[in-house]
Amino acid sequence: MTKVIGSGVNRKDGRAKVTGTATYAAEHQIPGLLHGYLVTASIANGRIKSIDTSFAEKAQGVTAVFTHKNPPKIFKPSNNFITSKIYEARLPLSDDQVHYGGQIIGLVVADTFERAKHAAHLVKVEYETRSPIVESQKATFKKAPSMFGEGFKFEKGNVASISNAAAKIEATYTTSTELHAPMEPHAIIAQWQGSDAVTIYEPTQWVMGSQRTYAELFGLPSERVRIITPYLGGGFGSKAFPWPHGVLCAAAARQLQRPVKVVLSRRQMTANAGHRSETEQTISLAAEADGKLMAIAHDAKSFTSPVEAFTEPCTGITPAMYSAPNLRLNQELGVMNVGTPTFMRAPGENPGMWALESAMDELAWSLKIDPVELRLKNETQEHQRKKLPFSAKHYADCLKVGAERFGWQDRQIKVRSLRRDGKLVGWGMAGATFPGMQGVATVKVRLLPDDTVHVLTAGNDMGTGAYTMVAGVAAETLGVPVEKVRVEMGDSQLPDGGIAGGSQMTATIAPAVIKACQEVLKAANCTSATEACAALKQSGRAAFEATATSAPSGGAKKWAFQSWGAHFCEVTVDEEIGRLRVTRWVSVMDIGRVINSKTAASQVRGAVIMGIGQALMEECLFDPNIGYPVVYDLATYHYPSHADIPRIDVAFVGEPDLNFNSAGVRGVGEIGITGVSAAIANAVYHATGKRIRNLPLTPDKLI
Ligand code: MOS
């Protein structure tokens, strides 16, 4: 029998992607297609006094111009995370108000993209302008609302009572506004069949959620909406729910009774497709002389738009990481005239770990304790908020194995002590973590007379390797070569496969694949696929098939499920020109069982690269006068290229978490980015003696 699970199976979709035959949303060829181009606000706060569409309407090829004066018909959806969700609670074109720069205020539809774009620039708008707030220190703050049913305020013990600590750290750490910058831009094609059925080609991380949301937006039963997403070119959390452009495009297509496509420009994406809010976090740590933590306080601020309350949940990681008898968490939400922020790879965990893992490093230096040892000393076997023991936790192994692979024992325990080629050299490390999440999924498996296996589910591959994971699990369960497995995903007509978000796709789908494969054998009354295939041929039937559903085990009442990791890195700093380079990287991850070591390691590498971007260069700034983002494409928004990235050594603990699910997997998409920026800043401190608490670590901060 082929051993598939754990091995490095090549991507099922690799060839299609590199040869350009993988069809992305905007590439579907639809006859009679019209093109929509958005009209966006050039102010960031105020109202539309007048909007003149007459020139645009008369322009060549223009079919229609929609503004708040003639919005296409849309209903408000229920808007919650379980059933249906839109990213921005305010529906597009619902009134004359402008809440942020670049907000959608119209849609021009024409026979070609160029004509639609040209006509969009002919729409004349007069505004009544209020001065925008785009600087965080001027924001108005409110208590962050509960998220997924949990409030942000928490205290155990009494942090304020600590007076006898051997060391105390109190410091404020900030992160900048970051953009998802996926390779595939946000795009949609909506094609109606009459007024009561629609097919939508859109990159979505949640095919079934999208189906329900569009159904509610148009007052239709779900089965009247078909969502097709076979490929998705990077989502990172920005493609889980419909954005206003998608809602507007689908509504316009219904009214016009013609298929319409809308593709966002990179500039439009800076305002209308989400971002990670900037954050400001104050961490207070108190410890005994041996490093044992007495208290942790974590106060965070993030920022949202005036039309949606999205909180970057920074404090979620804190009760999971280190045990302290006194622990206090709080979070506030500021409102600014910027586009709506949203989930971005490890939302909350990422900035939270930046602050906490920087503070732990500061504490280690102040107590003259090795930062690895400080973490080992304080790791907690219980989630301090859920009050549950962690299942299959191997954080200590990540720290120890990582230290060994990196050669941490040779570290010079002195700042500015290492030099190479005229540059300062520094070593840093940080922990990584991400909760284990699992949803409900249904999978259909068909065994065919040509000895192939067909696996079908609506859950989709957002570029992470889900096709390959599903094929690997089916191949191993049935004992067939992985090449014999064909996987179909990303279509709402297939069985519900859950969401590709929260790093839960593998944990959600793999158990359902295992179950469906076992049931196929049962249906065939055989113990192996070979036997079943022979029986199938004899029977003359078209296929043996089974459909199975898996759901969370209920173990969440007894256990806290969480993944763990550790990063170790080396940096060089050329102080003359402020150049920081990351020169060496080791990551060790405990993510439960690893289904495919190749794609899993790729997920960690991609996440580390994204973290290096956050640490070194990623920053979306807003013009304080007009409130508009001053970065507007993949050139002005700096993110890493190959030349910025060293070889990234990735290893896994690999122990299955069988309390979590029958596959023993916890998922790997997001954890890799957590702790990365802290490891780098900690290495910069070792190299230079400068503690930098504001990301990104740009040259001006290093000179
Ligand atoms: Mo992830 S930010 O849940 O796509």
Worksheet item: In the range 231-263, which residue that is touching a strand residue (DSSP E or B) at 6+ places or on another chain (Cβ under 7 Å) and either part of a loop (DSSP other than H, G, I, E, B) or at pLDDT below 95 (or both) is farthest from the ligand (Cβ to nearest atom)?
Response: 257
Item to complete: Scan the range 490-503 for residues that are crowded, with 24+ Cβ neighbours inside 10 Å and away from the ligand (no atom under 16 Å from the Cβ) and jot them down.
Response: 492
Discussion item. Just to check your reading of the model, which residue among 636, 674 is among the polar types (S, T, N, Q) and within 16 Å of the ligand (Cβ to nearest atom)?
Written reply: 674
Discussion item. Kindly evaluate residue 228 against the criterion of being of a type in the set (Val, Ile, Thr) and under 25 Å from the mean Cα position of the chain (by Cα).
Written reply: yes
Discussion item. All but one of (1) among the small types (Gly, Ala, Ser); (2) under 25 Å from residue 661 (Cα atoms); (3) touching a helix residue (DSSP H, G or I) at 6+ places or on another chain (Cβ under 9 Å) hold for residue 578; state the number of the condition that does not hold.
Written reply: (2)
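Results for (1) more than 16 Å from residue 433 (Cα to Cα); (2) crowded, with 18+ Cβ neighbours inside 10 Å; (3) of a type outside the set (A, V, I, L, M), shown as yes or no for each residue.
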{"residue": "616", "(1), (2), (3)": "yes, yes, no"}
{"residue": "635", "(1), (2), (3)": "yes, no, no"}
{"residue": "647", "(1), (2), (3)": "yes, no, yes"}
{"residue": "667", "(1), (2), (3)": "no, yes, yes"}
{"residue": "671", "(1), (2), (3)": "no, yes, no"}
{"residue": "679", "(1), (2), (3)": "no, yes, no"}
Fill in: Hey, residue 334 away from the ligand (no atom under 16 Å from the Cβ), crowded, with 24+ Cβ neighbours inside 10 Å and not acidic (Asp, Glu) or not
no
Practice prompt. Give just the number: which of (1) surrounded by fewer than 23 Cβ atoms within 10 Å (Cβ to Cβ); (2) touching a residue at least 12 places away in the same chain (Cβ under 8 Å); (3) away from the ligand (no atom under 16 Å from the Cβ) does residue 189 not satisfy?
Written response: (1)
Item to complete: Give me a count of the residues in the range 533-575 that are under 29 Å from residue 662 (Cα atoms) and in contact with a strand residue (DSSP E or B) (Cβ under 9 Å, 6 or more places away or on another chain).
Response: 24
Worksheet item: Which one of these is hydroxyl-bearing (Ser, Thr, Tyr) and farther than 25 Å from residue 653 by Cα: 464, 442, 468?
Response: 442
Item to complete: Check whether at least one residue in the range 348-359 is farther than 24 Å from residue 668 by Cα and either more than 16 Å from the ligand (Cβ to nearest atom) or in contact with a strand residue (DSSP E or B) (Cβ under 9 Å, 6 or more places away or on another chain) (or both), and report yes or no.
Response: yes
Practice prompt. State whether one or more residues within the range 278-299 are buried (at least 24 other Cβ atoms within 10 Å of the Cβ) and within 16 Å of the ligand (Cβ to nearest atom).
Written response: yes
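Looking at 407, 352, which is the one that is at pLDDT 95 or above and crowded, with 18+ Cβ neighbours inside 10 Å?
The conditions single out 352.
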Worksheet item: Of all the residues that make up the range 199-240, how many are under 13 Å from residue 86 (Cβ atoms) and of a type in the set (A, V, I, L, M, F, W, C)?
Response: 5
Practice prompt. Mind listing whichever residues of the range 472-488 are out of contact with any helix residue (DSSP H, G or I) (no Cβ under 6 Å at 6 or more places or on another chain) and either among the acidic types (Asp, Glu) or not in a helix (DSSP H, G or I) (or both)?
Written response: 476, 481, 483, 486, 488
Worksheet item: Would you say residue 506 is within 16 Å of the ligand (Cβ to nearest atom) and part of a helix (DSSP H, G or I)?
Response: yes
Discussion item. Free of Cβ contacts under 8 Å to residues at least 24 places away in the same chain and either buried (at least 22 other Cβ atoms within 10 Å of the Cβ) or not acidic (Asp, Glu) (or both): which single residue out of 221, 230, 242, 259 fits that description?
Written reply: 221
Response to the item:
Picking from 199, 172, the residue that is closer than 30 Å to residue 680 by Cα and β-branched (Val, Ile, Thr) would be 172
Worksheet item: Can you name the number of the only condition in (1) touching a strand residue (DSSP E or B) at 6+ places or on another chain (Cβ under 7 Å); (2) surrounded by 24 or more Cβ atoms within 10 Å (Cβ to Cβ); (3) under 20 Å from residue 165 (Cβ atoms) that residue 317 fails?
Response: (3)
Discussion item. Give me the strands (runs of 3 or more DSSP E) completely within the range 26-98, filtered to those with at least 3 residues that are out of contact with any strand residue (DSSP E or B) (no Cβ under 6 Å at 6 or more places or on another chain) and modelled with pLDDT of 95 or more, ordered by residue number.
Written reply: none
Worksheet entry | Matching residues in the range 639-671 - criterion: being within 24 Å of residue 182 (Cα to Cα) and either touching a Cys at 6+ places or on another chain (Cβ under 8 Å) or within 16 Å of the ligand (Cβ to nearest atom) (or both) | 667, 668, 669, 670, 671
Worksheet entry | Complete set of residues in the range 458-488 that are in contact with a Gly (Cβ under 7 Å, 6 or more places away or on another chain), farther than 18 Å from residue 532 by Cβ and away from the ligand (no atom under 16 Å from the Cβ) | 458
Item to complete: Of the conditions (1) touching a strand residue (DSSP E or B) at 6+ places or on another chain (Cβ under 9 Å); (2) assigned to a helix (DSSP H, G or I), residue 618 clears all except one; give me its number.
Response: (2)
Discussion item. Just to be sure I understand, how many residues within the range 517-529 are under 40 Å from the mean Cα position of the chain (by Cα) and assigned to a helix (DSSP H, G or I)?
Written reply: 8
Item to complete: For the range 134-156, name all the residues that are in contact with a strand residue (DSSP E or B) (Cβ under 8 Å, 6 or more places away or on another chain) and surrounded by 15 or more Cβ atoms within 10 Å (Cβ to Cβ).
Response: 134, 136, 139, 144, 152, 154, 156
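Table: residues versus (1) buried (at least 17 other Cβ atoms within 10 Å of the Cβ); (2) outside any strand (DSSP E or B).
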{"site": "546", "(1), (2)": "yes, no"}
{"site": "549", "(1), (2)": "no, no"}
{"site": "552", "(1), (2)": "yes, yes"}
{"site": "566", "(1), (2)": "yes, no"}
{"site": "569", "(1), (2)": "yes, no"}
{"site": "573", "(1), (2)": "yes, no"}
{"site": "576", "(1), (2)": "no, yes"}
{"site": "585", "(1), (2)": "yes, no"}
{"site": "594", "(1), (2)": "yes, yes"}
Worksheet item: residue 555: away from the ligand (no atom under 16 Å from the Cβ) and closer than 30 Å to residue 382 by Cβ, yes or no?
Response: yes
Fill in: Checklist (1) more than 16 Å from the ligand (Cβ to nearest atom); (2) under 25 Å from residue 306 (Cα atoms) applied to residue 344, failing item
(1)
Response to the item:
For strands (runs of 3 or more DSSP E) lying entirely in the range 126-229, having 2 or more residues that are touching a Lys or Arg at 6+ places or on another chain (Cβ under 9 Å) picks out 140-143, 154-156, 167-175, 187-192, 198-201
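The values are calculated or read from the model by the stated rules, or taken from the named source; none is laboratory data. This structure is a prediction, so every number in the text was calculated from the model and none was measured. Using ideal geometry, Cβ is built from the backbone for each residue, glycine included, and neighbour counts are taken over all protein chains shown.
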